[in-house]
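To keep things clear, I will list the structure first and then write my remarks on it.
The values are calculated or read from the model by the stated rules, or taken from the named source; none is laboratory data. Everything quoted here is computed from the prediction, not taken from an experiment. Note: ideal-geometry Cβ built from the backbone for every residue, glycine included; neighbour counts use all protein chains shown. Areas reflect the complete protein model, heavy atoms only, side chains present, ligands, DNA and RNA absent. Shrake-Rupley method; radii C 1.70, N 1.55, O 1.52, S 1.80 Å.
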Amino acid sequence: MLQTLRKGAAGWVAKIFLGVLVLSFAVWGIADIFRVGGTGTAAATVGTQEVPLETFRQAYANEIRRVSQQAKRQITPEQARMAGLGERTLGNLVNELALDTRVAALGLAVSDEEVGREITEDDVFKGPDGRFDRAGFQEILRQNNLNENAYITMQRQFTARRQLTDALAGEVPTPLAFREALHGFVSDSRSISYVTLTPEAPSAVPAPSDAALKSYFEERKASFAAPEFRKVALLQLDPAKLAASRTVPEQDIRAYYDANKPKYATAERRSIEQVTYPSLDEAKAGYDRIQAGGLFEQEMARQKISPQDAFLGNLSKAEMFDAKIADAAFALAPNTVSQPIQGAYTTALLRVTGVQQEQTKSFEQVKGEIRKLIAEDAARADLQGLHDKVDEARLGGSTLDEIVKSQKLPPLKLVEAIDAQGRGPDGKPVPGVPASEPLMTAIFTATAGAENDPVTVDGGYVWYEVREVKPASDRTFEEARADVESRWRADEARKRLDARADALLGQLKAGKPFDQTAAAEKLEIDQAETTRVGGAPDITQPQAVAVFQTPLDGFGKTAPNDQGARLVFKVTAENTRPFDPNAPDGTGQVAKISESLSTEVVSAFVRQIRDQLGVKFNEPAIAQVLGGGEG
């Protein structure tokens, strides 16, 4: 339950407890379902211990709430039953109770100090300062119908279970043979010689006959149908557009500029050189040599520092890591050498060879930028109020046309015909309509003439009315002729490329040398190496699959890439990389396999405990909870 609680809180990072608290799918079996029994007040019985019906009811409600938050919509009881949330929740509770029974039998205990440390060091209860936030802790418990004592008990049980399973499974190492096989799968490669066949432009394909086009059209008539179009009216309240029509007094712009002048300043930058010394005494000796007529460059040479290494860069004060060095550098006159500076990490002499003074943009330079910023802030502040006024007017029976006039809002956008992809009858995006998939989905699921909730788009709101629905309809051949010919030509270009690839492959498999075959087709042979996920120079993963399905010295062809090009190739080498068992795993898979094996060990352990104790489920009581949803 502790795991479910943590998952349910918005913004929490749940702890992963080796899968122990999500083992119900692994250990809830057919045999368990038929072990019916238990008291009327228990959902399940584990040995002599019970899972109270109310505990199951509350845990199930929490799980539905958690899944609903993840899905960003309310999960219905029927959806929860279909997803098996009840079985999973009760399985978790049974697993926890089984583990608690074994913990008690072994006499394991967790001290108050350890429980306190677990809670106060849990990131989910820390405030912005990184420390335990008691007020936040209490609020999270309140949201989940828990008091402090109940949560402490849950944490104590959770920690004890973790100690037991950590001792049992820990980090189960991934078998060496498994690691070696994984290494081979990831690192093995193939070298190929290949030619690239690119499709000809559809316009270069010989023109089809009318008979060919009509046949092509009839075979695919449904795909050439005109889509459903809808006539809609849109009212968009967009902060940027509202801001554009807003007047901002010049004194407000000036006040903002004066209050935020550092924001428009470019910090002073200095070109700084540094010679470092092992000790302050040696730095003083170097400084004395320069004061006696020596050169800074001579000190670089004496300390074996190249000019490139001595140059720290053209830096602002904020960019310098050592505050003491920074203070000295920005107090130093140009082209002079500082006295020895004992910084936080080194002792050095400094020289400033150039200064770029701080520059501040003038009011006139940033006036337009500030006006826009103030206007957009004000528009965002007013937006919710406008939203509420529009909704109140709609509840009062006003149409969007009436609301626009009464509230002096931007005019409605009237669209005579738009399809579900936001295109007009000409196939082009309808101008002035936000490119928003949620908006188009809402428009095409709405009923003509009905009132609809607004859709959030680009930080603003769009209200919409569907005023007419023009159903999808078949087009005649003549109406669709241009589209038919375009698609026929594209398909024909692909067929011609496939035939060309097959012809080349046939010649190669018949024994014709690769270089002669390529020369006859005026193609260049390239070389590449690829792993199973692709490789240089531009072998894609699907193409790599074809390469690895072809034997050494064999010929093959790849599927088209995104540009429609195919490769005809010869596998020239199979390359293996030595396996080093001590090398770190760069794939992340070894750790996942180890975690999976640990979970399997714990899962088997929990199943064994359940079998030894005996588990019974109270089907009528369970059905009552599942039928009641969040009840």
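Would you confirm whether any residue within segment 157-171 is among the aromatic types (Phe, Trp, Tyr), open to solvent by 30 Å² or more (accessible area, probe 1.4 Å) and outside any strand (DSSP E or B)? No, that holds for no residue. Inspection of segment 237-245 finds a residue satisfying the criterion of being assigned to a loop (DSSP other than H, G, I, E, B) and either acidic (Asp, Glu) or under 40 Å from the mean Cα position of the chain (by Cα) (or both). Kindly evaluate Trp488 against the criterion of being surrounded by 13 or more Cβ atoms within 10 Å (Cβ to Cβ) and outside any helix (DSSP H, G or I). No; evaluated as a whole, the condition is false for this residue.
Within segment 195-223, restricting attention to residues that are among the basic types (Lys, Arg) and in a helix (DSSP H, G or I), which residue is least open to solvent (accessible area, probe 1.4 Å)? That would be Lys221. Restricting the first member to segment 242-270 and to residues that are more than 28 Å from Gln356 (Cβ to Cβ), and the second to residues that are open to solvent by 80 Å² or more (accessible area, probe 1.4 Å), the beta-carbon pairs closer than 9 Å and six or more apart or on different chains are Leu242/Arg380; Ala243/Lys372; Ala243/Arg380; Ala244/Lys372; Val248/Lys372. In segment 505-532, of all residues being surrounded by 12 or more Cβ atoms within 10 Å (Cβ to Cβ) and among the aliphatic types (A, V, I, L, M), the one that is nearest to Leu197 (Cα to Cα) corresponds to Leu523. With respect to Leu373, determine if the residue is surrounded by 16 or more Cβ atoms within 10 Å (Cβ to Cβ) and modelled with pLDDT of 90 or more. The answer is no for Leu373. In the set (1) part of a loop (DSSP other than H, G, I, E, B); (2) closer than 16 Å to Gln236 by Cβ; (3) open to solvent by 90 Å² or more (accessible area, probe 1.4 Å), Leu414 fails one condition alone, (1). Scanning segment 208-254 for residues that are of a type in the set (A, V, I, L, M, F, W, C) and touching a Gly at 6+ places or on another chain (Cβ under 6 Å) yields one hit, Leu237. Scanning segment 541-565 for residues that are open to solvent by 50 Å² or more (accessible area, probe 1.4 Å) and either polar (S, T, N, Q) or touching a residue at least 60 places away in the same chain (Cβ under 8 Å) (or both) yields Gln541, Gln549, Pro560, Gln563.
Inclusion of Leu350 among residues that are at pLDDT below 90, surrounded by 11 or more Cβ atoms within 10 Å (Cβ to Cβ) and over 30 Å from Val366 (Cβ atoms) is not warranted.
Those residues that are open to solvent by less than 30 Å² (accessible area, probe 1.4 Å), under 47 Å from the mean Cα position of the chain (by Cα) and modelled with pLDDT of 90 or more, I need them from segment 311-346; list them, please. If the condition is that a residue be open to solvent by less than 30 Å² (accessible area, probe 1.4 Å), under 47 Å from the mean Cα position of the chain (by Cα) and modelled with pLDDT of 90 or more, then Ile325, Ala326, Ala328, Ala329 are the ones that fit.
The residue pairs whose first member lies in segment 77-93 and is closer than 15 Å to Ala43 by Cβ, whose second member is among the aromatic types (Phe, Trp, Tyr) and open to solvent by less than 50 Å² (accessible area, probe 1.4 Å), and whose beta carbons are closer than 6 Å, counting only pairs six or more residues apart or on different chains, are Gly86/Tyr60; Thr89/Tyr60; Leu90/Phe56. Whenever a residue of segment 224-238 is open to solvent by 10 Å² or more (accessible area, probe 1.4 Å) and at pLDDT below 90, its partners that are in a strand (DSSP E or B) and among the polar types (S, T, N, Q), lying with C-beta atoms within less than 6 angstrom and at least six residues away or across chains, give the pairs Ala226/Ser473. Screening Glu478 with (1) open to solvent by 20 Å² or more (accessible area, probe 1.4 Å); (2) in contact (Cβ under 8 Å) with a residue 40 or more places away in the chain; (3) over 24 Å from Lys389 (Cα atoms) gives one miss only, at (2). Need pairs with beta-carbon distance below 6 Å; first residue in a loop (DSSP other than H, G, I, E, B) and within segment 425-436, second open to solvent by 40 Å² or more (accessible area, probe 1.4 Å); sequence gap 6+ or separate chains. Here the result reads Gly432/Lys413, each pair linking segment 425-436 to a residue that is open to solvent by 40 Å² or more (accessible area, probe 1.4 Å).
Inside segment 600-631, can you point out the residues that are surrounded by 16 or more Cβ atoms within 10 Å (Cβ to Cβ) and at pLDDT below 85? Once the filter is applied, which keeps residues that are surrounded by 16 or more Cβ atoms within 10 Å (Cβ to Cβ) and at pLDDT below 85, segment 600-631 yields Gly629, Glu630.
Taking Ser68 as the residue in question, decide whether it is over 30 Å from Glu619 (Cα atoms), open to solvent by less than 60 Å² (accessible area, probe 1.4 Å) and hydroxyl-bearing (Ser, Thr, Tyr). When the stated conditions are applied, Ser68 does not pass them.
When the residues of segment 76-101 are filtered to those that are touching an Asp or Glu at 6+ places or on another chain (Cβ under 9 Å) and among the hydrophobic types (A, V, I, L, M, F, W, C), the one that is surrounded by the fewest Cβ atoms within 10 Å (Cβ to Cβ) is Leu85.
Filtering segment 376-411 to residues that are closer than 30 Å to Asp252 by Cα, surrounded by 14 or more Cβ atoms within 10 Å (Cβ to Cβ) and hydrophobic (A, V, I, L, M, F, W, C) leaves Ala378, Ala379, Leu383, Leu386, Val390, Val404, Leu409.
With the requirement that a residue be surrounded by fewer than 13 Cβ atoms within 10 Å (Cβ to Cβ) and modelled with pLDDT of 90 or more, what does segment 445-471 give you? Thr445, Thr447, Ala448, Glu468, Pro471, listed by residue number.
So which residues in segment 271-294 are under 56 Å from the mean Cα position of the chain (by Cα), under 24 Å from Gly354 (Cβ atoms) and without any contact (Cβ under 8 Å) to a residue 60 or more places away in the chain, if there are any at all? Those that are under 56 Å from the mean Cα position of the chain (by Cα), under 24 Å from Gly354 (Cβ atoms) and without any contact (Cβ under 8 Å) to a residue 60 or more places away in the chain: none in segment 271-294. If you go through segment 247-277 and keep only what is among the charged types (D, E, K, R), open to solvent by 80 Å² or more (accessible area, probe 1.4 Å) and either more than 28 Å from Ala318 (Cα to Cα) or in a loop (DSSP other than H, G, I, E, B) (or both), you end up with just Glu250. When segment 311-359 is limited to residues that are in a helix (DSSP H, G or I) and of a type in the set (Asp, Glu), the one that is farthest from Ala283 (Cα to Cα) turns out to be Glu319. All conditions in (1) in a loop (DSSP other than H, G, I, E, B); (2) open to solvent by less than 90 Å² (accessible area, probe 1.4 Å); (3) touching a residue at least 40 places away in the same chain (Cβ under 8 Å); (4) farther than 30 Å from Ala201 by Cβ hold for Val571, with the sole exception of (1). Only one of the numbered conditions (1) at pLDDT below 90; (2) in a helix (DSSP H, G or I); (3) surrounded by 14 or more Cβ atoms within 10 Å (Cβ to Cβ) is not met by Glu364, and that is (3).
Can you tell which of Arg117, Arg131, Arg142 is within 29 Å of the chain's Cα centre (by Cα), open to solvent by 70 Å² or more (accessible area, probe 1.4 Å) and either modelled with pLDDT under 85 or not aliphatic (A, V, I, L, M) (or both)?
On the way: Arg117 fails: within 29 Å of the chain's Cα centre (by Cα); Arg142 fails: within 29 Å of the chain's Cα centre (by Cα).
Just one listed residue meets the conditions, Arg131.
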